[in-house]
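Below is one structure, written out as structure tokens, with a few remarks after it.
The values are calculated or read from the model by the stated rules, or taken from the named source; none is laboratory data. Treat the numbers as computed from the prediction; the structure is a model and nothing was measured. Neighbour counts are summed over all protein chains in view; Cβ atoms, including those assigned to glycine, are modelled from backbone coordinates with ideal geometry.
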Amino acid sequence: MTQAPIRVGIIGVHPDRGWASTAHVPALQELPQFRLSVLSHSRIEIAQAAAQKFGFDHAVASTEELVNHPDVDLVVVTVRVPEHLQLVTAAVGAGKSVFSEWPLGMNLRDGEAMNKLAAAKGVSTMIGLQTRANPAIRHIRKLVGDGYVGEVLSTSVIGSGIIWGEELEEAFRYTLDPSKGASMLHVPFAHTLDALGFALDSDFLSISATLATRRPTIRMVESQELVPLTVADQIAFNGRLASGALVTSHFRGGLSRATNFHMEINGSKGDLLLSSPVGYVGIGGFNLSGAQAGENLHPIPVPGDFGPDENVLTGNVKKLYELFADDMLSGTRQSPTFESAVNLHRLINAVEQSGGVWRDV
């Protein structure tokens, strides 16, 4: 077991933008279990500026320098998905533990390859399925485990992609390119189905899904240009869990003027409802309610929930790092690993291959 602090190296940190600087760095700065040790950027002057701004010990200009640096215990990969295979492979090959953002790879094959290599090298891994660390999701898991709803009979989920709607900011244009691995299917839908499976402590056995693109174009906010919408903006999903429970879900691109997120768990003894004014787990701002026999639906407090002024995105990432620190320092196994990522890749692959036909996962 590693002794604190865990020395972190983050690949591709910019001082002013990017997921690393907006979520990972603020989360790590608040955790004494970690030390911001090394960051990289292809332009050394940008790396040096980011290191000075965020308090890293070292700045380097290449991935090779970072993964082989003696002051790095954990390599963090937060860049776009097409680069994950190369970067994760380099870090694992250097014998370093790795935290990769989700999706782990561009497809199931890549995810399996990275997981197999990490297992062979004996390194610790974590995948950025941070919704598993969200207090509301973890409290639902406890309530279900404690028998609040009895036997879970079914679950219904409505979600909104937030983007992939009527218009899109230029910074997110890459999400329209299927080769970038960042579509509504791969990000908000995948995070939500993973959180549901975690909350119910059950894997999917079989699924049927239909993908559709109902908007032929999408308008870019800055230029008002209409560009083709080349990824699905509608996902209709049915699944059966290992527990026997049925799952139905409908995800829509953009935001709805009615319901944006609704997860209802129906059981033999009670019901739970998780809702949010925004589109999917990991972004809100949740309201948790429940009822058992003879009760009306009522709010359920969530232990350790975020305050009204807290950033939920950063908070989820921070709580995920806390789980990983416990795993590395105390020998627990709480954080999602590359094995978790492969299981989710397998589910998404089944959705892509389904075409409305039931398939085993």
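Figures for the structure shown
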| read-out | value |
| --- | --- |
| Residue within the range 102-120 that is over 13 Å from residue 340 (Cβ atoms), in the same structural domain as residue 240 (by TED's automatic domain parsing) and of a type in the set (Lys, Arg) present | no |
| From 60, 13, 67, 76, residue being in contact (Cβ under 8 Å) with a residue 40 or more places away in the chain and either of a type in the set (Phe, Trp, Tyr) or in contact with a Ser or Thr (Cβ under 7 Å, 6 or more places away or on another chain) (or both) | 13 |
| Members of the range 269-309 that are more than 29 Å from residue 187 (Cα to Cα), of a type in the set (A, V, I, L, M, F, W, C) and assigned to a loop (DSSP other than H, G, I, E, B) | 293, 297 |
| Any hit, the range 335-352, residues being free of Cβ contacts under 8 Å to residues at least 40 places away in the same chain and either under 28 Å from residue 28 (Cβ atoms) or out of contact with any Phe, Trp or Tyr (no Cβ under 7 Å at 6 or more places or on another chain) (or both) | no |
| Matching residues, the range 279-294, being surrounded by fewer than 18 Cβ atoms within 10 Å (Cβ to Cβ) and touching a residue at least 24 places away in the same chain (Cβ under 8 Å) | 285, 292, 293 |
| All strands (runs of 3 or more DSSP E) inside the range 11-128 with 3 or more residues being within 27 Å of residue 172 (Cβ to Cβ) | 74-77, 97-101, 125-128 |
| Residue in the range 171-194 that is in the same structural domain as residue 287 (by TED's automatic domain parsing), small (Gly, Ala, Ser), buried (at least 16 other Cβ atoms within 10 Å of the Cβ) and part of a strand (DSSP E or B) present | no |
| Number of positions in the range 310-332 that are β-branched (Val, Ile, Thr), part of a helix (DSSP H, G or I) and over 15 Å from the mean Cα position of the chain (by Cα) | 0 |
| Lone qualifier among 151, 166 - being charged (D, E, K, R), more than 21 Å from residue 216 (Cβ to Cβ), surrounded by fewer than 16 Cβ atoms within 10 Å (Cβ to Cβ) and in contact (Cβ under 8 Å) with a residue 60 or more places away in the chain | 151 |
